[in-house]
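The values are calculated or read from the model by the stated rules, or taken from the named source; none is laboratory data. The shown structure was predicted, so the numbers you read here are calculated from the model rather than taken from an experiment. Please note: Cβ atoms are built from the backbone with ideal geometry, for glycine as well, and neighbour counts cover all protein chains shown. For accessibility, only protein heavy atoms count, side chains too; no ligands or nucleic acids. Shrake-Rupley method; radii C 1.70, N 1.55, O 1.52, S 1.80 Å.
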Amino acid sequence: MTAADTGADGADMAAGIKDVAREAGVSVGTVSNVINRPDRVSDEVRARVHAAIRSLGYVRSESARQLRAGRSRMLGLLVMDTANPFFAALARGAEDVARRADLGVMVCNSAEDVSAEESYVSLFAEQRVRGALLATTDPRGTPWRLLGRQGIPFVLVDRVVDEAEACSVAVDDVAGGLLAGRHLLDAGHRRVAYVRGPDRLQQVRDRRTGLVRALEEAGGAADDLVELDVDRLDVGAGRDAGARLLGLAPRPTAVFCANDLLALGLLQTVHAAGVRVPEDLAVVGYDDIEFAEASLIPLTSVRQPAAEMGRLATELLLEESGAAPEEHRHRRIVLQPELVVRRSSLGR
């Protein structure tokens with residue numbers, strides 16, 4: 001048993017690169033080449049070194065490697081709500097691209113709390129992540145300005161900004177609201193409600209703008225819209241909105257919700273009260289999360305390609321982090337939404 005096996009107190013110690021070199025009968029530099037530049041080493045030597053690594057259970061110290069290289073192999077991803085399947089799909093897309101680049105993704109959840117966003121961004125800076133993907137609630141842009149001051153590249157996700165400020169990937173939410181509104185109005189609905197989330201979110205405001213535009217196209221006005229404000233974008237807030245909707249007289253015949261979780265919560269409340277969906281009330285959500293199709297009453301929804309957004313944003317981030325600052329040009333990608341019609345809005 002060697003010194004690499006136990007410490008002075010008898011406890012097991014992790015094998016180091018010197019132990020691997022000794023076991024394989026090569027130099028430390030050769031082991032480093034096998035790990036970092038395998039093309040420089042013969043097949044026979046690579047096989048010996050990998051056998052030693054497996055035998056000793058050697059794990060490379062990423063912190064030491066980061067200190068030597070001056071850059072991390074980790075990306076940061078900050079989202080508003082990890083309980084929302086939309087952000088889970090976005091994270092999967094980001095991880096697909098990161099994994100191909102031999103990078104990891106640190107996912108942080110702000111729970112729509114601006115102070116938590118600032119704390120996580122500070123953590124990204126402390127960890128010197130290679131770059132960050134930000135899907136944040138802060139309308140002032142504080143988190144990404146903190147990263148900018150630290151020289152850490154970032155891409156904004158699910159938010160449209162001027163190209164001069166940052167790279168961004170988002171969906172045209174005005175177009176999404178327009179799709180939902182036209183669908184309901186074409187079905188004959190004239191008293192339409194909008195269940196909106198926190199007004200600080202540009203996405204919520206843009207979806208309303210599209211809905212109002214559809215009303216105006218049909219000869220109506222913004223004042224014709226019945227609005228139900230909620231302070232969260234989750235199922236519980238949707239249930240609360242559903243209870244308030246039931247108390248309205250006259251009751252709207254159609255509802256557009258700012259996201260699918262709100263719509264699913266609202267569906268639970270009105271269904272329990274005996275309201276027939278879609279015969280008495282048509283419901284449309286936004287995001288087209290997996291649960292929309294699996295709902296007791298399959299939910300019509302405006303689809304956002306969440307995984308594609310995550311992939312595109314990560315590609316932009318890797319492009320920016322690998323370029324010289326004077327060579328990089330910010331890009332803004334705006335994807336188009338798609339209306340997916342299901343039973344919840346097909347009653348007329």
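Each label point was placed 7 Å from the Cα along the Cα-to-Cβ direction; for R37 and S115 their separation is 5.0 nm.
So between E216 and Q127, what do we pick up on full extension, going 0.36 nm a residue minus the alpha carbon distance? Walk me through the intermediate numbers first.
On the way: separation 89, 0.36 × 89 = 32.04 nm, distance 5.00 nm.
Result: 27.0 nm gained on full extension.
Could you grab the relative contact order for the chain? Cα pairs under 8 Å, six or more apart, rounded to a whole percent. Worked out over the chain, it gives 17 percent.
Enter the angle in degrees (range 0 to 90, nearest 10) between the Cα long axis of helix 235-246 and the first principal axis of the Cα atoms of the chain, meaning the one along which they spread out most. Helix 235-246 sits at roughly 0 degrees to that axis.
Net charge near G238, counting Lys/Arg +1 and Asp/Glu -1 over other residues with Cβ under 14 Å of its Cβ? Present the calculation step by step, with values, prior to reporting the outcome.
Details: positive: R196, R232, R239, R244; negative: D81, D229, D231, D234, D240, D260, D287.
Computed value for this residue: -3.
Against the chain, whose longest principal axis comes from its Cα atoms, helix 306-321 is set at around 40 degrees.
Full extension of the segment from T209 to R276, taken as 0.36 nm per residue of separation minus the current Cα-Cα distance, would add 21.3 nm. Calculate how many DSSP beta bridges within the chain are antiparallel, expressed in % of all such bridges and rounded to the nearest 5. Around 10 percent of the beta bridges assigned by DSSP in the chain are antiparallel ones.
This structure gives Rg and Dmax of the Cα atoms in Å, computed directly, and of [x] 25.0, 84; [y] 25.9, 86; [z] 21.0, 67 that value is listed as [y].
Give the range of the longest stretch in the chain that excludes all GluC sites (Glu not before Pro) found in loop regions by DSSP and having at most 13 other beta-carbon atoms within 10 Å.
Working: sites that count: E163, E279, E326, E327.
Result, exposed sites excluded: 1-162.
With the full set of protein chains in place, find how many percent of the accessible area of the chain is carbon and sulfur; take the probe as 1.4 Å.
Working: 7830 of 16150 Å².
That fraction is 48 percent.
Please give me the summed charge of the neighbours of A170: other residues whose Cβ is under 11 Å from its Cβ, Lys and Arg +1, Asp and Glu -1. Summing Lys and Arg as +1 and Asp and Glu as -1 gives -2.
For the stretch 174-227, calculate the relative contact order in percent as a whole number, restricting contacts to Cα pairs under 8 Å that are 6 or more residues apart.
Working: 64 pairs, mean separation 28.0, N = 54.
Value for the stretch 174-227: 52 percent.
For I289, neighbours were defined as the other residues whose beta-carbon sits under 11 Å from its Cβ, and their charges (Lys and Arg +1, Asp and Glu -1) total -4. Report, to the nearest 10°, how far helix 173-186 tilts away from the longest principal axis of the Cα atoms in the chain, using its own Cα long axis and a range of 0 to 90°. Here the helix axis deviates by roughly 30 degrees. What the Cα atoms of the stretch 155-225 give is an Rg and a Dmax of 13.8, 43 Å. What the stretch 247-348 shows is 44 Å² of accessible area per residue, with the surface traced by a 1.4 Å probe over protein heavy atoms.
Per residue, how large is the accessible surface of the stretch 97-190? Use a 1.4 angstrom probe and give square angstrom. Can you show the working numbers first?
Details: 3820 Å² over 94 residues.
Heavy-atom accessible area per residue stands at 41 Å².
Test of understanding: extend the Cα→C-beta vector of R244 to 7 Å, then name every residue of the stretch 205-221 with backbone N under 16 Å from that spot. What the label zone holds, given the 16 Å backbone N cut-off, is 205, 208.
For the stretch 206-348, the alpha-carbon radius of gyration amounts to 1.28 times the rule-of-thumb value 2.2 N^0.38 Å expected for a compact globular protein.
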